[in-house]
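Student: Can you keep this structure in mind? I'll have questions shortly.
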Amino acid sequence: MYGKIIKGIAGFYYVYVSGSGLYECKAKGIFRKDNVKPLVGDNVEIDVIDEGERTGNIKLLYERKNELIRPVVANIDQALVIFAVKEPDPNFNLLDRFLVSMELQGVPSVICFNKRDRISEEEKESLNNAYGKCTYRLLFTSAKYGEGLEELKSILVGKTTAVAGPSGVGKSSIIKALNPGADVETGEISKKLSRGKHTTRHSEIIRIDDDTFIMDTPGFSSLYVDIEQEEDLKDYFPEFGEFAPDCRFNGCVHINEPDCAVKAAVASGKISDLRYKSYMAIYDEIKAKRRY
Ligand code: GDP
Ligand code: ZN
């Protein structure tokens with residue numbers, strides 16, 4: 001049977017098979033010799049060992065579309081990063097690090113500002129101004145009042161999306177609103193796990209429908225940017241690309257150089273000031289790290 005690994009814990013893989021549900025599987029033999037470990041997000045072929053117990057063995061891993069290091073998952077189509085517009089106030093530096101980290105891994109990002117109900121139209125416009133022009137799809141939601149959720153669903157449909165965000169922003173509220181049944185499958189796994197195993201937080205896939213998955217990814221606050229040379233950082237701020245060819249110097253890093261078209265774009269408001277501030281902060285950090 002063909003399925004998808006939606007969670008992996010302590011040598012067990014939970015495989016969802018469309019039409020027949022969840023199986024607790026082991027991955028015996030074949031992977032050890034090729035030195036590949038199954039990952040959450042992998043599409044697999046399983047043999048059912050016991051239908052009543054719902055156990056199986058993974059016998060084949062299908063080729064991966066991609067493999068992320070942070071978080072460790074396979075076959076991601078896009079990332080959805082959720083921040084609250086208020087309570088907690090958005091940490092733009094953290095948001096921008098996340099965007100850089102996804103750029104580095106070649107995964108497109110969508111930005112979602114939740115708790116839209118907590119701010120005025122003017123405040124929303126100012127956020128829209130900052131993040132609406134940096135090439136990422138941007139949307140505002142209110143999980144509390146159901147606002148923006150249809151648009152969010154339309155962005156997710158048919159894809160596997162990694163969902164990330166600091167705690168308290170409404171991630172669980174949004175996931176619950178998208179899939180009221182999510183608790184059922186999570187509960188099924190918890191039942192099996194309560195036979196005496198521990199529980200650290202792992203990435204986990206939640207099925208919205210048969211070809212739409214979201215992956216809840218923990219460990220957001222410790223995000224660091226995997227770039228060794230600060231000069232390379234500019235390539236991961238996609239909105240700089242439109243202006244950089246007009247800088248006077250080739251390889252301009254848009255900080256101290258004269259006649260820098262990127263700095264001019266920041267000054268005229270074509271590039272967001274917030275984004276540029278994050279750029280400089282992350283740049284300094286990479287540089288400082290390299291020195292030691
Ligand atoms: P998580 O930690 O990101 O999973 O956040 P939760 O979904 O647990 O939500 C944190 C708090 O924010 C809870 O008290 C929610 O009721 C509240 N909350 C979530 N979404 C919204 C929203 O759209 N508007 C408002 N005002 N509160 C929200
Ligand atoms: Zn420049």
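The values are calculated or read from the model by the stated rules, or taken from the named source; none is laboratory data. These numbers come from a predicted model, not from an experiment. All Cβ positions, even for glycine, are placed from backbone atoms using ideal geometry, and neighbour counts span all protein chains on display. In case anyone asks, the SASA skips ligands and DNA or RNA and just uses the protein heavy atoms, side chains included. Shrake-Rupley method; radii C 1.70, N 1.55, O 1.52, S 1.80 Å.
Student: At a Cα cut-off below 19 Å, give the aspartates and glutamates reachable from Lys28, other chains included and same-chain residues fewer than 8 away excluded.
Tutor: Cross-link targets: Asp42, Glu45, Asp47, Asp50, Glu51, Glu53, Glu63.
Student: Using only the heavy atoms of the protein chains and a 1.4 Å probe, how would Thr55, Thr161, Thr135 rank by accessible area, largest first?
Tutor: Result of the area sort, largest leading: Thr135, Thr55, Thr161.
Student: Applying 1/(1 + (r/R0)^6) with R0 = 45 Å to the Cβ-Cβ distance of Ser173 and Gln229, what FRET efficiency is obtained, to the nearest 0.05?
Tutor: 0.65
Student: Where does helix 182-193 land angle-wise versus the long Cα axis of the chain, in degrees 0 to 90, nearest 10?
Tutor: Helix 182-193 sits roughly 60 degrees off the main axis of the chain.
Student: I'd like the isolated cysteines in the chain, meaning no second cysteine's beta-carbon lies under 4.7 angstrom from theirs.
Tutor: Lone cysteines by the Cβ rule: Cys25, Cys112, Cys134, Cys260.
Student: If you don't mind, another one. Given Lys65/Lys270; Lys65/Lys234; Lys263/Lys287; Lys59/Lys171; Lys234/Lys287, which pairs have Cα atoms separated by over 23 Å?
Tutor: Lys65/Lys270; Lys65/Lys234; Lys59/Lys171
Student: Multiply the residue gap between Ser120 and Arg290 by 0.36 nm, knock off their C-alpha separation, and tell me the result in nm, one decimal place.
Tutor: 56.9 nm
Student: Let me ask something additional. Under 15 Å between alpha carbons, and skipping anything fewer than 8 positions from Lys176 in its own chain: which aspartates and glutamates qualify?
Tutor: Glu147, Glu150, Glu185, Glu204, Asp209, Asp216
Student: Take the alpha carbon gyration tensor of the stretch 249-292, find the square roots of its eigenvalues, order them as a ≥ b ≥ c, and report rounded if a/c is under 1.5; if not, report prolate when a/b exceeds b/c, else oblate.
Tutor: Oblate.
Student: Evaluate the relative contact order of the stretch 111-161 (contact order divided by residue number), counting alpha-carbon pairs under 8 angstrom at least 6 apart; express in whole percent.
Tutor: Computed value for the stretch 111-161: 39 percent relative contact order.
Student: I'd like the accessible area for Ser278: 1.4 Å probe, protein heavy atoms, all chains in place, Å² to the nearest 10.
Tutor: 10
Student: What is the local net charge at Asp47, summed over the other residues whose Cβ is closer than 12 Å to its Cβ (Lys, Arg +1; Asp, Glu -1)?
Tutor: 0
Student: Using a cut-off of under 15 Å, list every residue of the stretch 256-273 whose amide N is near the label point 7 Å from the Cα of Asp246 along the Cα-to-beta-carbon line.
Tutor: Under cut-off, by backbone N: 259-272.
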